[in-house]
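The values are calculated or read from the model by the stated rules, or taken from the named source; none is laboratory data. This is a predicted model, so every value here is computed, not measured. Neighbour counts run over all protein chains shown; Cβ positions are idealised from the backbone, glycine included. Heads up: the accessible areas ignore ligands, DNA and RNA and are worked out on the full protein's heavy atoms, side chains in. Shrake-Rupley method; radii C 1.70, N 1.55, O 1.52, S 1.80 Å.
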Amino acid sequence: MTKTTIVRYIDAPIETVFSCISDIRNFSQAIPHIKNVEFLTEQKIGAGTRFIETRDMNGKEASTEIEVREYSENDHFRAVADSHGTIWDTIFTVETVEGEGGNQTKLVMVMEARAYRLIPKILNPLMKGMVRKAVCADMDAVKQYCETQSN
């Protein structure tokens, strides 16, 4: 199992940040590599929501089915995907903190990759740096998007 934790402090209200990360329609606007989202459920937000996210990954399209497993508005949500022999279990939490210029939102993303096939068990630890870099880019894009939305 590999675990990646990313923290960002965002100059935007907690509601703006949570709406961006927990609603794939907003998240896909913030992340330039997301090319398409196809909902598999009638509901579009909250626990039980399922969708297929298609991203451009190094010039190739990659699609992943994702399910929102937990959802507590303006607190946290958890999304799980089973892709290529690995369970990707991601929890996003938000909280209001005092920053230099007033209140900020602290966004914490913890992603665990639990491989259950041999090849991913070998490759996932080797790819951790590349995954971390990609996730950091996503969190930077969320920060920029949310700060732009709140101005």
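Filter the range 19-57 down to the residues that are part of a loop (DSSP other than H, G, I, E, B) and surrounded by 14 or more Cβ atoms within 10 Å (Cβ to Cβ) and list them by number. Within the range 19-57, Asp23, Ile31, His33, Ile45, Gly46, Thr49 meet the criteria. Only residues that are modelled with pLDDT under 95 and touching a helix residue (DSSP H, G or I) at 6+ places or on another chain (Cβ under 8 Å) were counted across the range 86-112, and they come to 0. All conditions but one from (1) open to solvent by less than 80 Å² (accessible area, probe 1.4 Å); (2) more than 13 Å from the chain's Cα centre (by Cα); (3) under 19 Å from Ile14 (Cα atoms) apply to Ala113; the one that does not is (3). Considered as a group, the residues in the range 2-16 that are within 16 Å of Met127 (Cα to Cα) and open to solvent by 40 Å² or more (accessible area, probe 1.4 Å) include one that is farthest from the chain's Cα centre (by Cα), and that residue is Lys3. hydroxyl-bearing (Ser, Thr, Tyr), out of contact with any helix residue (DSSP H, G or I) (no Cβ under 7 Å at 6 or more places or on another chain), open to solvent by less than 70 Å² (accessible area, probe 1.4 Å) and more than 16 Å from Thr4 (Cα to Cα) - does that describe any residue in the range 134-150? Within the range 134-150, not a single residue is hydroxyl-bearing (Ser, Thr, Tyr), out of contact with any helix residue (DSSP H, G or I) (no Cβ under 7 Å at 6 or more places or on another chain), open to solvent by less than 70 Å² (accessible area, probe 1.4 Å) and more than 16 Å from Thr4 (Cα to Cα).
Listed here are the residues, each with its yes/no results for (1) more than 14 Å from Ile21 (Cβ to Cβ); (2) of a type in the set (Phe, Trp, Tyr); (3) in contact with a Phe, Trp or Tyr (Cβ under 8 Å, 6 or more places away or on another chain).
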position: Glu53; (1), (2), (3): no, no, no
position: Val108; (1), (2), (3): no, no, yes
position: Met130; (1), (2), (3): yes, no, no
position: Ala137; (1), (2), (3): yes, no, no
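Filtering the range 96-104 for residues that are closer than 16 Å to Thr2 by Cα and either touching a Lys or Arg at 6+ places or on another chain (Cβ under 9 Å) or of a type in the set (A, V, I, L, M, F, W, C) (or both) leaves an empty set. Kindly indicate whether Tyr71 is open to solvent by 50 Å² or more (accessible area, probe 1.4 Å), in contact with a Ser or Thr (Cβ under 8 Å, 6 or more places away or on another chain) and among the hydroxyl-bearing types (Ser, Thr, Tyr). Here the answer is yes, as Tyr71 does meet what is asked.
Restricting attention to the range 108-135, the residues that are assigned to a helix (DSSP H, G or I) and not small (Gly, Ala, Ser) add up to 16. In the range 77-85, is there at least one residue being open to solvent by 60 Å² or more (accessible area, probe 1.4 Å), of a type outside the set (Ser, Thr, Tyr), closer than 24 Å to Met130 by Cβ and at pLDDT below 95? Scanning the range 77-85 turns up at least one residue that is open to solvent by 60 Å² or more (accessible area, probe 1.4 Å), of a type outside the set (Ser, Thr, Tyr), closer than 24 Å to Met130 by Cβ and at pLDDT below 95.
Within the set Thr96, Thr5, Thr105, Thr16, the sole residue that is in contact (Cβ under 8 Å) with a residue 40 or more places away in the chain, within 23 Å of Asp140 (Cβ to Cβ) and outside any strand (DSSP E or B) turns out to be Thr16. Note on the range 30-46: residues that are modelled with pLDDT of 95 or more, touching a Lys or Arg at 6+ places or on another chain (Cβ under 7 Å) and either aromatic (Phe, Trp, Tyr) or within 23 Å of Thr5 (Cβ to Cβ) (or both) amount to 1.
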